[in-house]
Each structure stands twice: as C-alpha cells, then as structure tokens.
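The values are calculated or read from the model by the stated rules, or taken from the named source; none is laboratory data. Not measured: the values here are computed from a predicted model. Neighbour counts are summed over all protein chains in view; Cβ atoms, including those assigned to glycine, are modelled from backbone coordinates with ideal geometry. SASA here: full protein model, heavy atoms, side chains in, ligands and nucleic acids out. Shrake-Rupley method; radii C 1.70, N 1.55, O 1.52, S 1.80 Å.
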Amino acid sequence: MDESSAQASTPIFQRIKDYLVGEIATGRWKEGDLVPSEQALVRQFGVSRMTVNRAVRELTAEQVLTRRQGSGTYVAPRKYQATLVEIRNIADEVRARGHRHASRLHLLEEAPATEALALQFGLAPGAPLFHSLIVHFENEVPIQLEDRWVNPACAPAYLEQDFASITPNEHLMAVAPLQGATYSLEALAPPRDVAELLGIDARSPCLVLKRRTTSHGAVASVVTMWHPGHLIQFNGSVG
C-alpha cells in the first residue's frame, strides 16, 4: 500500500490527531501554546465539528492537550520521567534530559523518632534521626518534594552537607552503599503544606513514592517523595 492509499484508509479523526501531535513534536507548538480552535480545524480539514471534537477530546484524555474552560485548548505540560526500579539521583535524571536541576532546602534537623518511624528503622522510639525537606526543580518548575529521614549510624555527617550542591541521594550512595530497598507508589491529594511547597492546588493529585533503603544490614533512609501528578510519570524495567 503506497503512502497516499495508507493516508486515505486512516480515519479522518486520526489524521487530525496525527497533525496536532506532529506540530507539537516538531516544536512548532510548545508547552502552554494555544492550538487552533475546533472551528478552525473544521475549516482546515473540511470535516464535521463532531470529528474534530473526537480528535481533540482523545488527545486531551491522553494528556497531550489540555482544555481551559472559556479560554481554549493548549499544549499540555510534558510529563517528566523518573525511574522506579533503579535508584537514580534526581539531579542526574534532570540533566540527562538536557534540563537544569536546582533544589531548595526547607528543613535540616535532628529529631526524635516517632513510634512509626522507629518501627521502620528498627530503633527505639525517641532515638535520634536526621530529617531533611527539599524541593527539587526542573527548569525552575517544582517536580519533587523529598521528605527524608536518615539513620545517623549510616550517615553521621548528613547534617553537615550542602544540599544546594549535592543531593541526599548522592551523599547516601557515597557513605551508605545500597544493599536493598522497598517501595510503594500511590496517588494522593497533598496536604496543604506540601501543595504550597510544590506550587499546586491542594486538590491536585500527586504521585507519592515511599522508599526505604538498607545499607550494611541497617535501615539507612526512609523517604517520601511527592510529585505533581500532571508533571511526572514513572518508568522501570526488570531483566
């Protein structure tokens, strides 16, 4: 089948979708740009409003486009990718995409372990733990709130680190080599303080990754990472 025959056999709504995606892929339309109205696409393709609406509706459901009531249809924010199975430094992931990583430290302290934390670390309630709260940015957009608790026995110099130039992951990998890890991933509405730090509406869902790592037979770190759901997707492979 030649190209013209293949195109003729493609449903018109799919051709409209392909056109819209193609304009985004070539960079003609960038994130946040207003795309042509449905009426303009009706005139351009010479089809019914229903056909155009289906194409736009499907691309909206696929999060390629986003609709704003009374304003129009826009190119949706891209979803930044993060690895799930492999533990990688978020700064490296951002730079690998050719983007700028930055972080902002909101809390760095020693605090007593609650009963829940003590159970996770295998320590007595009230035992000292190190606690950090850091927001990570990609091209100045907040993409992760890292709420981390650290076992001082595994990383005694944790509170002395400059987390503007090094990430907790980088420091821990150097002083407490990874032995094992457990994960959980769920979608949650963020508490108000989390939403404020990420610059999102408190009703916006977040993807929340909770991870516990071990090193030299001890639990080294327990971390909860909040990600704006509309900006992130997790990928991973095994084998």
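At a glance:
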item	result
From Ser204, Ser184, Ser215, residue being open to solvent by less than 30 Å² (accessible area, probe 1.4 Å), modelled with pLDDT under 90 and not basic (Lys, Arg)	Ser215
Residue under evaluation Ala195, criteria (1) free of Cβ contacts under 8 Å to residues at least 12 places away in the same chain; (2) surrounded by 15 or more Cβ atoms within 10 Å (Cβ to Cβ); (3) out of contact with any Pro (no Cβ under 8 Å at 6 or more places or on another chain); (4) closer than 23 Å to Ala127 by Cβ, criterion not met	(4)
Condition broken by Gln161, with the remaining ones in (1) open to solvent by less than 20 Å² (accessible area, probe 1.4 Å); (2) free of Cβ contacts under 8 Å to residues at least 12 places away in the same chain; (3) not aromatic (Phe, Trp, Tyr) satisfied	(1)
Of residues in region 17-61 being within 14 Å of Pro77 (Cα to Cα) and in a helix (DSSP H, G or I), the one least open to solvent (accessible area, probe 1.4 Å)	Leu59
Residues located in region 174-192, provided they are in contact (Cβ under 8 Å) with a residue 24 or more places away in the chain and closer than 18 Å to Leu133 by Cα	Pro190
Number of the exception - Ala113 against (1) farther than 16 Å from Gly199 by Cβ; (2) surrounded by fewer than 20 Cβ atoms within 10 Å (Cβ to Cβ)	(2)
Tally of residues being open to solvent by 30 Å² or more (accessible area, probe 1.4 Å) and either of a type in the set (S, T, N, Q) or over 22 Å from Glu93 (Cβ atoms) (or both) across region 136-148	1
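Okay, residues lined up against (1) more than 21 Å from the chain's Cα centre (by Cα); (2) more than 15 Å from His106 (Cα to Cα):
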| site | (1), (2) |
| --- | --- |
| Pro125 | yes, yes |
| Ser132 | no, no |
| Asp147 | no, no |
| Asp162 | yes, no |
| Glu170 | no, yes |
| Pro190 | no, yes |
| Thr213 | no, yes |
| His227 | no, yes |
| His230 | no, yes |
